[in-house]
1. Rounded to a whole number, what % of the accessible area of chain C do carbon and sulfur atoms account for, probe 1.4 Å?
2. Rg and Dmax in Å for region A:112-156, alpha carbons only: what are they?
3. Using r as the Cβ-Cβ distance of C:THR352 and C:VAL305, and R0 as 35 Å, what FRET efficiency do you calculate, to the nearest 0.05?
4. For C:ARG20 paired with C:TRP298, estimate the spin-label separation in nm (one decimal), with each label point 7 Å from Cα along the Cα-to-Cβ line.
5. Keeping all protein chains in place, calculate the accessible area per residue for region A:105-144 (probe 1.4 angstrom), answer in Å².
6. If you wrap a convex hull around the alpha carbons of region A:1-70, what volume per residue comes out, as a whole number of Å³?
7. According to the square roots a ≥ b ≥ c of the eigenvalues of the Cα gyration tensor, what is the shape class of region A:53-104, taking rounded for a/c under 1.5, prolate for a/b larger than b/c otherwise, and oblate for the remainder?
8. If you take each beta carbon of peptide C:338-351 and count the beta carbons of other chains within 10 angstrom, what is the mean?
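The values are calculated or read from the model by the stated rules, or taken from the named source; none is laboratory data. Just so we're clear, the structure is a prediction, and the values are computed from it rather than from any experiment. No Cβ is skipped: glycine too gets one built from the backbone with ideal geometry, and neighbour counts run over all protein chains shown. Note: areas computed on protein heavy atoms with side chains; ligands, DNA, RNA excluded. Shrake-Rupley method; radii C 1.70, N 1.55, O 1.52, S 1.80 Å.
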Amino acid sequence: MYRNDRVIPFFTLVFAAALFLMSYLDGRHITALSGGKPQPLSVGQIGLISLGLVFLVYGIIGYISVWLEGRELRPGVHKARPGKAQWVGMALSVLAVALSGLFVQAIVHSLRTQENHPGAEGIIFGSISLTVAGLLMVYKHYYQDDEVHVESEDSEVPW
Amino acid sequence: MTEPGSSSSDRVVRIEVFLDDRPEAVQIVTAPPFRFQLDTTGLDEGAHSLRVVRIDASGGRRERRIPFHVEHASDVEVRGLEPGATVSGSVEVDVVVPPPPAASLPKPKGPPTWLYLLMTVLILGGIWVFFMVVPIYSNLVPAPSEGGSTASAPSTPAPPVDAALLKAGEQLYTSDCAACHKPSGEGMPPTFPALAGNSFLSDATATVKRIYEGSGAMPSHPSYSAKMLAEVATYIRNTWGNAYGGVSVADAAAAEPSASNTGAAPASGSAPAASSTGSSGASAGSAAGSSSETTPSGSTSSTSAATPSSSAGSTASGASAQPSTTAPAAAAAPSGGIDKATMDAGEQLYEAQCTSCHQANGAGLPPTFPALAGNAALSDATAVVQRIFDGKGIMPAHKTLNVQQLADVATYVRNSWGNAFGPVTAEQAAQAAPKAAQ
Amino acid sequence: MFSWLDERLALSRMYKKFFRKMFPVHHSFFLGEITIFSFLTLVLTGVFLSINFEPSIRMVQVGTKQLPAAYASVQFIDSLPFGMVIRSMHHWAASVFIAAAFLHMIRILLTGAYKKPREINWIIGLLLLSFAVMAAFTGYSLPFDAFSATATKVGYEIAASIPVLGTWLGQLFFGGTFPTEHSIPRLTAIHMIWLPLIIGALIGAHVLIMFLQKHTQPKYAEKVAPGKILGVPFWPQQALIMGVLFAVFVGVLAMVAGLFNANPIEHFGPPGPATPTVKPDWYFLWLYGFLKMIPSSWHFTVFGVYVGPEFIGVLIPSLLILFGFAFPLLQPSKTKLRYLELPSEHPVRTATVIGVLAFFIASTIAAYNAELSLSTGFLWFLVLLGPVVVAVLAYLLLRAIYPRREGASGD
């Protein structure tokens, strides 16, 4: 477990799925009790989803960290090789711009019709954010040299 | 450090390498390949610079300065003596000298793939099983029914509905059930389930049993006769769009043999405790049996363990055994002259604002929400009004009630479910809660 | 441009000092970062909410209805394009803040990172968690819908049940018996100004002290660079990873917030005569469950001060939290902890942490006793005995899977 391994991220993803499943089944239970009418999220469901969110983000960033930073550190500078990554980068950039256009469209539509579609707005905004994350990942992996250094334990940072 | 000689006058004849500002060169190379080794282990950590001087055949000199940093990865670690520590006597100091770092450490074996899969299936499956198969949930959670039709029992035609039972059932429902399940059958989810469209009702036997024995927040109704059970079951199964068919008295009696067939309810006016074990006819029978006994402590072993009986009688077990002990108090209390209109107004207010915690039958949900039935604390009219108006603990205040409304509710709770503590007048309420609106 | 600034602000020195701090690489270090990013999200979305929110419960005319001003202004926020998503994100980020901070704390416990020299940061962390819960509680009441107003009312009553201090606390935080016309403005000021300032300052201190004391490191660093910190520099490597994390966090959060509105005020309506059946927010459920187990007959009088069952229900968990503060100080040690300890090599501590988790889960289940038809006796059994049984089982399991190795190298 000392290494930056994939075991813990895998199981946090499983836990996230488990918590979401619990929340979903709990929701069905509540809906059934209320005679089939959809109810707002209960406090229990909000708690389950919140913990699930933390586990989900942890699992995702865990896998990303293993991919970008490796399992163990060795001092030195490791040059990055771009390869054909520019095409991936361009595709992601175009996607980000397209999604941004869609987002503006959604806002304008909402202003014009006075109708809100929070689900669609949230998904579009979230997708933009995830695309930016993808771009940063591509940059980090293909264009940024890996630097690993050692630092004295009693360096005068910050005092 | 290599310089390809292009012309003869430009030919490099010597390279001198200087470290930092030392006057003497650390390396002098005169012939290609101009390669040398710089050993940094002897250097201090931090900033250094390398000065490379190139001398060509014509005697020209050109210099380049290359700044660089030295970091020593391999070091020793000292344990037991912190920098700046003051010590005396003999001190044990561990110096850890590391083995030279391997180029790549051996890859440790992770868990095998089947273990990943097994754990995933176990975790997710366990949750599914808990929600779908474990009795408390499979009992409570019916599959969502399609608009409350008879879709769940298509093979057998719904039994005929007896109009008289339906009519009588409505009255019983309004008085005993509507506070939680609402007159519209919508309930107050999640605690009080909706009855409209609830496919749990398709099972007549289970419905009758649930009414008689209760479960969780649903109180039991041991005073119901088989006929009353049939009436209520018929009503809730065939109202608000439900069409699960009627329940005859014989059906109800078969489902709940311990219910009396006479229709005469036992004398206990106060509602008994919710049976906490949620359970079989035998335990409900024993609960009903012990409510007719006059043991001062709780009825069944499980309830007495759950709620230590207190002298205030504010617990469920106390409530079920209370009629015998409150009877003298009721006789002594001034019980005459209770206005029917006051009681009705109080009942309406009680149903709107109090039942979600204290329950329609006054049994409450102990220990958080105390029982009102048989609660000796109600004997003090002033305290009752103040408690309603000001609230206390998790009991919310009701500052919007006026004096008359306070009097109505107080009168109602003091004279229902077998309580007989006497009426509360508007004047008394005004004295007890001077801030209340007139 | 850079040299102009550098001459005046000595930027290159700051770069050398702070931006080249080495970050050891391990994914469990991200839990703290997730917490910081949820705080950042809260601040950013909070800016938008604060400029649209009206802290008052005076009645205003909206269409044909008389509504409290706070409720009406939240309705207005929901009607703005993207407004509902931002409000929902704020609500979810608050929940995630507490969840992530709690899991971060569990990670610290499991790896022994609370030991010398990091005791102070452990205490600051617990303070942060407490202030975060306070911020969440004060923010909960602001929309002033029937549900949140009732839940806040229950919280107020519990706070007011504290002997001697209760009334005083009620005056300080709620401006009298909740809800008065002073309650919402006061809670707004606390929620929007003072608590964020305190939390921000504490996060600053938390991070600065972490910079000073350095991270605990994975054990292999001892072989590669003993006595040193092995890591990637903050700028540009770690900062980029943090950027990825922030983008992923905001992305996932926005999707969930858009799909599920955590506090649909339209559904509950403004506070009316009929009080809805409420439960406190999920991070209070364990306290609430504890409260449910205390019989209403438990009360006593000390020095003429009435101590009711509500306070007893709060007292026991508070003592546990106080013990949490003192916990690292009870383990004096001569040496500094430099490397993460493996949970499997400290089975007693690991089993205890699992027991504590079981306690929280059990007392949360106790909050659902009515729905699950559990008797009070069973709850006591579950909450007191359950965690002990779980801890013992965990200990035996750990011992069986990881037999004690002599001179374990630990990697």
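1. Numbers: 12900 of 17650 Å².
It is 73 percent, rounded to a whole number.
2. 20.1, 62
3. On the way: r = 35 Å, r/R0 = 0.99.
That gives a FRET efficiency of 0.50.
4. Modelled inter-label distance: 5.9 nm.
5. Computed with neighbouring chains in place, this is 51 Å² per residue.
6. Numbers: hull volume 5.2 nm³, N = 70.
For region A:1-70, the hull spanned by Cα atoms encloses 75 Å³ per residue.
7. Values: a/c = 4.00, a/b = 1.36, b/c = 2.94.
Oblate.
8. On the way: counts 3, 1, 2, 1, 2, 1, 1, 0, 0, 0, 0, 0, 0, 0.
Taking the mean over all residues of the peptide, I get 1.
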